[in-house]
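Engineer: Take this structure, written in structure tokens, and hold onto it; I'll ask about it next.
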Amino acid sequence: MDLTQGTSEEKRARSKKMMLWFAIGSLVMSFAGLLSAFIVSSQREDWLTDFQLPDAFIVSTIIILASSLTFIVAKRALGQNNNQITSFGLLLTLILGITFVYYQFLGFRQIVEAGYNFTGPTSNVTMSFIYLIAIAHIAHVVAGLVCILVVIFNHFRKKYTPSKMLGLELAAIFWHFIDLLWLILFLFLYFFRYII
């Protein structure tokens, strides 16, 4: 397909999607770097080989996966011109996203209660990496929540139609990416202790 063909609106939509995919590619490389550092650091003598992820991280994983489903429902409903279900799906996605962040912080509290702080004399390099990876991901979830808020605002202003929903599509792509990213990070951290 020739990217130079189509109306100016179609060209603008393609360029915005391309920019988003470039941004996602750079995020993938950033998190790959973090995970590489995690793997290399696992050779240290003070590395914890029996660490456990907090239960709150398991709950948050289920929540963020559910939020992807509610976003899919919202997008499909908009495609069918069902504004009521679209509104419900978007608001539920926002609530689930906020709940995800809440459970992540509950997970941090469980790590502290297990005796590991991010820094200082009670810190450990293993748990500090887990803090760092989770906090870096939370920062991107917050960016995703801001996108969802903008989409909700535009939806209530009736800016989107079944044939014109670029803003919602871009937000959905980013949201599904950060959901998938957390699933990969969680599975990596969960199973890593079994392979070292």
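The values are calculated or read from the model by the stated rules, or taken from the named source; none is laboratory data. As the structure is a prediction and not an experimental result, all values here were calculated from the model. Cβ coordinates were reconstructed from backbone atoms using ideal geometry, including for glycine residues, and neighbour counts include every protein chain displayed.
Engineer: Every residue in segment 91-117 that is aromatic (Phe, Trp, Tyr) and either surrounded by fewer than 16 Cβ atoms within 10 Å (Cβ to Cβ) or part of a helix (DSSP H, G or I) (or both), please.
Structural biologist: So in segment 91-117, the residues aromatic (Phe, Trp, Tyr) come out as 100, 102-103, 105, 108, 116.
Correct list: Phe100, Tyr102, Tyr103, Phe105, Phe108.
Engineer: Taking segment 1-28 on its own, how many of its residues are within 28 Å of Ile184 (Cα to Cα), among the aliphatic types (A, V, I, L, M) and either at pLDDT below 90 or under 15 Å from the mean Cα position of the chain (by Cα) (or both)?
Structural biologist: Going through segment 1-28 one residue at a time, the tally reaches 5.
Results for (1) among the aromatic types (Phe, Trp, Tyr); (2) out of contact with any Phe, Trp or Tyr (no Cβ under 7 Å at 6 or more places or on another chain), shown as yes or no for each residue.
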residue: Phe153; (1), (2): yes, yes
residue: Pro162; (1), (2): no, yes
residue: Leu168; (1), (2): no, no
residue: Trp175; (1), (2): yes, no
residue: Leu183; (1), (2): no, yes
residue: Phe192; (1), (2): yes, yes
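Engineer: Which ones in segment 173-196 are more than 15 Å from Ala23 (Cβ to Cβ), in a helix (DSSP H, G or I) and either more than 11 Å from the chain's Cα centre (by Cα) or not hydrophobic (A, V, I, L, M, F, W, C) (or both)?
Structural biologist: Asp179, Phe186, Leu187, Phe188, Leu189, Tyr190, Phe191, Phe192, Arg193, Tyr194, Ile195 - these are the residues of segment 173-196 that are more than 15 Å from Ala23 (Cβ to Cβ), in a helix (DSSP H, G or I) and either more than 11 Å from the chain's Cα centre (by Cα) or not hydrophobic (A, V, I, L, M, F, W, C) (or both).
Engineer: Any residue in segment 56-66 that is in contact with an Asp or Glu (Cβ under 9 Å, 6 or more places away or on another chain) and either over 30 Å from Thr122 (Cβ atoms) or surrounded by 13 or more Cβ atoms within 10 Å (Cβ to Cβ) (or both)?
Structural biologist: Of segment 56-66, the ones in contact with an Asp or Glu (Cβ under 9 Å, 6 or more places away or on another chain) are 64-65.
Adding the requirement that they be either over 30 Å from Thr122 (Cβ atoms) or surrounded by 13 or more Cβ atoms within 10 Å (Cβ to Cβ) (or both) leaves 64-65.
For segment 56-66, residues in contact with an Asp or Glu (Cβ under 9 Å, 6 or more places away or on another chain) and either over 30 Å from Thr122 (Cβ atoms) or surrounded by 13 or more Cβ atoms within 10 Å (Cβ to Cβ) (or both): present.
Engineer: Looking at Phe88, Phe51, which one is in contact with a Lys or Arg (Cβ under 7 Å, 6 or more places away or on another chain) and either farther than 13 Å from Asp179 by Cα or buried (at least 18 other Cβ atoms within 10 Å of the Cβ) (or both)? Break it down into steps so the answer makes sense when it comes.
Structural biologist: Values: Phe88 fails: in contact with a Lys or Arg (Cβ under 7 Å, 6 or more places away or on another chain).
Checking each option against the conditions leaves just Phe51.
Engineer: Follow-up question, since we're still on this one. Take the residues of segment 74-101 that are among the hydrophobic types (A, V, I, L, M, F, W, C) and under 19 Å from Leu166 (Cβ atoms): which is nearest to the chain's Cα centre (by Cα)? Break it down into steps so the answer makes sense when it comes.
Structural biologist: Going residue by residue through segment 74-101, those that are among the hydrophobic types (A, V, I, L, M, F, W, C) are 74, 77-78, 85, 88, 90-92, 94-96, 98, 100-101.
From what is left, the residues that are under 19 Å from Leu166 (Cβ atoms) are 74, 77-78, 90.
Numbers: Ala74: 18, Ala77: 22, Leu78: 22, Leu90: 16 Å.
In this case the residue turns out to be Leu90.
Engineer: Thr126 is checked against (1) surrounded by fewer than 17 Cβ atoms within 10 Å (Cβ to Cβ); (2) in contact (Cβ under 8 Å) with a residue 40 or more places away in the chain and fails just one. What number does that condition carry?
Structural biologist: Result: Thr126 fails condition (1) only.
Engineer: Can Trp21 be described as closer than 23 Å to Gly115 by Cα, among the hydrophobic types (A, V, I, L, M, F, W, C) and surrounded by fewer than 18 Cβ atoms within 10 Å (Cβ to Cβ)?
Structural biologist: no
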